[in-house]
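The next block holds one structure in the form of structure tokens; read it before the comments.
The values are calculated or read from the model by the stated rules, or taken from the named source; none is laboratory data. Note that this is a predicted model, so its numbers are computed, not measured. Heads up, the Cβs are rebuilt from the backbone with ideal geometry, glycines too, and the neighbour counts pull from every protein chain shown. The area values use the complete protein model at the heavy-atom level, side chains included, leaving out ligands, DNA and RNA. Shrake-Rupley method; radii C 1.70, N 1.55, O 1.52, S 1.80 Å.
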Amino acid sequence: MSSLFTRSGSASVLYDAPGPRARIRYRVFGVLSLLGIAALLWYAYDSLASNGQFDGGLWDLFQYTAIQQRILDGVLSTLKAFGLAALFSLTLGALLAAGRLSDHRPLRWAATAFVQFFRAMPLLILIVALYYAFFAKNPMWALVLGLTLYNGSVQAEIIRSGVNALPRGQSEAAFALGMRKSQVMTSILVPQAVRSMLPAMIGQMVVTLKDTSLGYVITYGELLYVGKQIAAQPLNSAGFPYIPVVLVMAPIYILMCLLLTALARWIEARGRRGANRRTPAAA
Amino acid sequence: MGIMFENGNFALFRDGFLQTIELSAISAVLAMLLGTLLAAFRVSPIPALRAFGTGWVTIFRNTPLTLLFFAVEFGLPALDVHFSHFTFAVLALGFYTASFVCEVLRSGINTVPLGQAEAARSLGMTFGQTLGLVVLPQAARTVLPPLSSVFIALPRNSAIAGAFSVDELYHVQQTLSEQGYSIFAIFFWVALAYLVISAAVNLLFRFLEKLTAVAR
């Protein structure tokens, strides 16, 4: 769907195509807002600079291969927890979706209660409880299991809504051909639902990736934890490199998330070529 | 399960509960105001403002909230900005959630058919009338469901503030487990509290949806 606002000035819900006076007005506002943004950026730069945050001493540490290696290890730990959690949450999501779509009432209720509970629970609370209760020696599994329970529940809802959004004729035709419920599900409904919901599922994986940073709280050595470790060591004269660490960590996270989002967009664009297109809900 | 009624645990728990609600409510107001402003930027006819809105949303939606808390809690003091932990938490939560609010509002305005505004203009309505009487009411109705998931997520996300020295429910969980109570009993009560908050937000939005529903 092409956005109403990017159609080069021709039409928008909110304003007409500008006439000569409006165009001058827009230009004036444009210059003013550019000045405002520039002032904001300058203010940010100035307060960073006047507090010595651009001093070489605070940034030298990123030249050491030992530090680079630690950051790389942090990225790898993040990706490891993310990979495991993504895999397990998709599996759990499929199982829970099957439960919620089941014809057996107790199974449906159990799956519904499970999904509702873990969707309402703060992930941090869950992860920390798992950490204290079972995984005090192995924080990675507390993180992975917590991420799996929460994201699996969300993935289940995405898959379920994908199945429910399919035209009824799909399953009616399959039943009419003599398929059993499990066959209808696995060979007719789920493949179509997954295809149309793949962008939403990957969108939820972006959430999973971001939430790996909760491992910070339970001392799992992922990227943010590594950052904290680096920043907590004072450098001789320059103080603690908290801001340089944030300025290095944030782009790494943003880049990883944007890559995943780009993958979702690409898949969505591919899927759009077919007839079966649907816009998924935000994660 | 009786731990709540021993040694003044109830007072601790109640304070944490109220702190979570207060933190969520204030952050929600900040997120709503800032998110509306950003959405206005993103649909404005001025390219510089649109770029600013896009940049904000891209950065804040793709940064982990934990990292934002870290940046605010440790970064701002390094810049000689000193607020209470609570204010820092409001800033992190509000800035983060604002980017989601912005996207929801923008997509809501996008769903209003162009013809609606054209019809309003052809009736001679001013920009303010078109926006206030025709476009926004329709947009608001369509954004209520996605907005409700944003604001149900907010109290959940606020738990991270507990890991950054705000005395809310997560902090209660930490304090009680350090005192040696069973983690399962603590989890039961904390989970219950969050379920109550989620349910309350859910009910509020259901009520709003019913209030603004039209028969089509």
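Scan the range A:242-257 for residues that are more than 7 Å from chain B (Cβ to nearest Cβ) and in contact (Cβ under 8 Å) with a residue 12 or more places away in the chain and jot them down. Quick ask: steps written out before the conclusion?
Here is the first cut: in the range A:242-257, the residues more than 7 Å from chain B (Cβ to nearest Cβ) are A:244-245, A:247-248, A:251-252, A:255-256.
Listed by number, the residues that qualify are A:P244, A:V245, A:V248, A:I252, A:M256.
Please determine whether any residue of the range B:108-125 is among the β-branched types (V, I, T) and either open to solvent by 40 Å² or more (accessible area, probe 1.4 Å) or more than 30 Å from B:R156 (Cα to Cα) (or both). Yes: one or more hits. Residues that are at the interface with chain A (Cβ under 9 Å from one of its Cβ atoms), surrounded by fewer than 21 Cβ atoms within 10 Å (Cβ to Cβ) and closer than 25 Å to A:A232 by Cβ occur at least once in the range B:81-103.
Please work out if B:L38 is closer than 21 Å to A:A22 by Cβ, touching a Lys or Arg at 6+ places or on another chain (Cβ under 9 Å) and part of a helix (DSSP H, G or I).
Against the criterion (closer than 21 Å to A:A22 by Cβ, touching a Lys or Arg at 6+ places or on another chain (Cβ under 9 Å) and part of a helix (DSSP H, G or I)), B:L38 does not qualify.
Tell me whether the range B:26-48 contains one or more residues that are open to solvent by 60 Å² or more (accessible area, probe 1.4 Å), within 9 Å of chain A (Cβ to nearest Cβ) and either at positive phi or not basic (K, R) (or both). Looking for residues that are open to solvent by 60 Å² or more (accessible area, probe 1.4 Å), within 9 Å of chain A (Cβ to nearest Cβ) and either at positive phi or not basic (K, R) (or both), one finds at least one in the range B:26-48, hence yes. Counting only residues that are among the aliphatic types (A, V, I, L, M) and within 18 Å of A:V206 (Cα to Cα), how many does the range A:128-154 have? Residues flagged as among the aliphatic types (A, V, I, L, M) and within 18 Å of A:V206 (Cα to Cα) within the range A:128-154 amount to 6. Being over 26 Å from A:L48 (Cβ atoms), without any contact (Cβ under 8 Å) to a residue 24 or more places away in the chain and not in a helix (DSSP H, G or I) is the filter here; which residues of the range B:80-127 pass it? Those that are over 26 Å from A:L48 (Cβ atoms), without any contact (Cβ under 8 Å) to a residue 24 or more places away in the chain and not in a helix (DSSP H, G or I): B:P113, B:L123, B:G124, B:M125, B:T126. When A:F118, A:F135 are screened for being part of a loop (DSSP other than H, G, I, E, B) and within 12 Å of chain B (Cβ to nearest Cβ), only A:F135 passes.
The one condition from (1) surrounded by 15 or more Cβ atoms within 10 Å (Cβ to Cβ); (2) modelled with pLDDT of 85 or more; (3) more than 13 Å from A:L14 (Cβ to Cβ) that B:A78 does not meet is (2).
Per the listing A:G215, A:G239, the residue uniquely over 20 Å from the mean Cα position of the chain (by Cα) and either open to solvent by 20 Å² or more (accessible area, probe 1.4 Å) or in contact (Cβ under 8 Å) with a residue 24 or more places away in the chain (or both) is A:G239.
Residues checked against (1) assigned to a helix (DSSP H, G or I); (2) surrounded by 19 or more Cβ atoms within 10 Å (Cβ to Cβ); (3) without any contact (Cβ under 8 Å) to a residue 60 or more places away in the chain; (4) touching a strand residue (DSSP E or B) at 6+ places or on another chain (Cβ under 8 Å):
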{"site": "A:Q53", "(1), (2), (3), (4)": "no, yes, no, no"}
{"site": "A:R70", "(1), (2), (3), (4)": "yes, no, no, no"}
{"site": "A:S102", "(1), (2), (3), (4)": "no, no, yes, no"}
{"site": "A:I125", "(1), (2), (3), (4)": "yes, yes, yes, no"}
{"site": "A:L130", "(1), (2), (3), (4)": "yes, yes, yes, no"}
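Annotation: of all residues in the range A:138-155 being touching a Lys or Arg at 6+ places or on another chain (Cβ under 9 Å) and not β-branched (V, I, T), the one that is nearest to the other protein chains (Cβ to nearest Cβ) is A:Y150.
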